[in-house]
Amino acid sequence: MKKVLCVCLGNICRSPAAEGILRASAEKRKIPILVDSAGTGGWHVGRPPDARMVQAASRRGYDLTTQRARQVALSDFYEFDYVLAMDESNLADLQDMAPPNSETALHLFLAFSEVTQRETPDPYYGGASGFEHVLDLVEQGAAGFLDFLEDR
């Protein structure tokens, strides 16, 4: 079973959505993976995902209500096979944090999708359409990542 960690800045918008969508999509496709999410920053540790993301995800059938924000830990680089960053800034932070003996594969979440956009934008300061756009991207990213796992 592969273990996957989805990472954004605060772990309240993008990475919880990625965790929920990736988990639900894998279950639907009967692909055994363990999925978690975390943030590179610790501002929201212990808090639930942003209510706007919870509502937007719920309208699409994804339940994010049991998730709680946490910060990336050193142990994550030994526990997870893949750490998927939502944007270049978080990927760079993860690369700086990763110990030299870690075998965890670090990638952008959308690197496995066919979308031309490389980064998943942060919808936190925008309106409702930003959350919908992120969900569109994350659904495509999750599908592409699961295709990648199935092909391996």
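The values are calculated or read from the model by the stated rules, or taken from the named source; none is laboratory data. What you see is a predicted model; the values in this text were computed from it and never measured. Methodologically, a virtual Cβ is constructed for each residue, glycine included, from the backbone with ideal geometry; neighbour enumeration extends over all protein chains shown. For the accessible areas, the whole protein counts, side chains as well, though only heavy atoms, and no ligand, DNA or RNA atoms are used. Shrake-Rupley method; radii C 1.70, N 1.55, O 1.52, S 1.80 Å.
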Original post:
If you take the residues in segment 61-74 that are over 15 Å from the mean Cα position of the chain (by Cα) and open to solvent by less than 70 Å² (accessible area, probe 1.4 Å), which one is nearest to residue 91 (Cα to Cα)?
Top reply: 73
Subject >> Residue that is least open to solvent (accessible area, probe 1.4 Å) [pool: residues in segment 25-50 that are within 24 Å of residue 149 (Cβ to Cβ) and over 14 Å from the mean Cα position of the chain (by Cα)] >> reply: 31
Subject >> Count - residues of segment 126-152 that are open to solvent by 40 Å² or more (accessible area, probe 1.4 Å) and of a type in the set (Phe, Trp, Tyr) >> reply: 1
Original post:
Quick one: what pairs do we get from segment 92-112, first residue more than 20 Å from residue 143 (Cβ to Cβ), second surrounded by fewer than 17 Cβ atoms within 10 Å (Cβ to Cβ) and of a type in the set (Phe, Trp, Tyr), C-beta under 9 Å, 6+ apart or different chains?
Top reply: 99/78; 101/78; 102/78; 103/78; 104/78
Original post:
Does any residue of segment 99-111 turn out to be more than 16 Å from residue 8 (Cα to Cα), touching a strand residue (DSSP E or B) at 6+ places or on another chain (Cβ under 8 Å), in a loop (DSSP other than H, G, I, E, B) and at pLDDT 95 or above?
Top reply: yes
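Considering only residues that are aliphatic (A, V, I, L, M) and over 9 Å from the mean Cα position of the chain (by Cα), which ones fall in segment 1-20? Walk me through how you get there before you give the answer.
Within segment 1-20, the first condition is being aliphatic (A, V, I, L, M), and the residues that meet it are 1, 4-5, 7, 9, 12, 17-18.
Passing the criteria: 1, 9, 12.
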Original post:
From the list 51, 69, 111, which residue is small (Gly, Ala, Ser) and in contact with a His (Cβ under 7 Å, 6 or more places away or on another chain)?
Top reply: 69
Original post:
Given (1) more than 13 Å from the chain's Cα centre (by Cα); (2) surrounded by fewer than 22 Cβ atoms within 10 Å (Cβ to Cβ); (3) closer than 15 Å to residue 18 by Cβ; (4) at pLDDT 95 or above, where does residue 123 come up short, assuming only one miss?
Top reply: (2)
**OP:** Could you give me the residue pairs with C-beta distances under 7 Å whose first residue belongs to segment 1-15 and is within 13 Å of residue 84 (Cα to Cα), whose second residue is open to solvent by 10 Å² or more (accessible area, probe 1.4 Å) and among the basic types (Lys, Arg) wherever it lies, and which are 6+ apart or on separate chains?
**Re:** 11/70
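In segment 78-91, what residues are open to solvent by less than 30 Å² (accessible area, probe 1.4 Å) and either acidic (Asp, Glu) or free of Cβ contacts under 8 Å to residues at least 24 places away in the same chain (or both)? Walk me through how you get there before you give the answer.
As a first pass, look at segment 78-91 and keep what is open to solvent by less than 30 Å² (accessible area, probe 1.4 Å): 80, 82-87, 90-91.
87, 91 - these are the residues of segment 78-91 that are open to solvent by less than 30 Å² (accessible area, probe 1.4 Å) and either acidic (Asp, Glu) or free of Cβ contacts under 8 Å to residues at least 24 places away in the same chain (or both).
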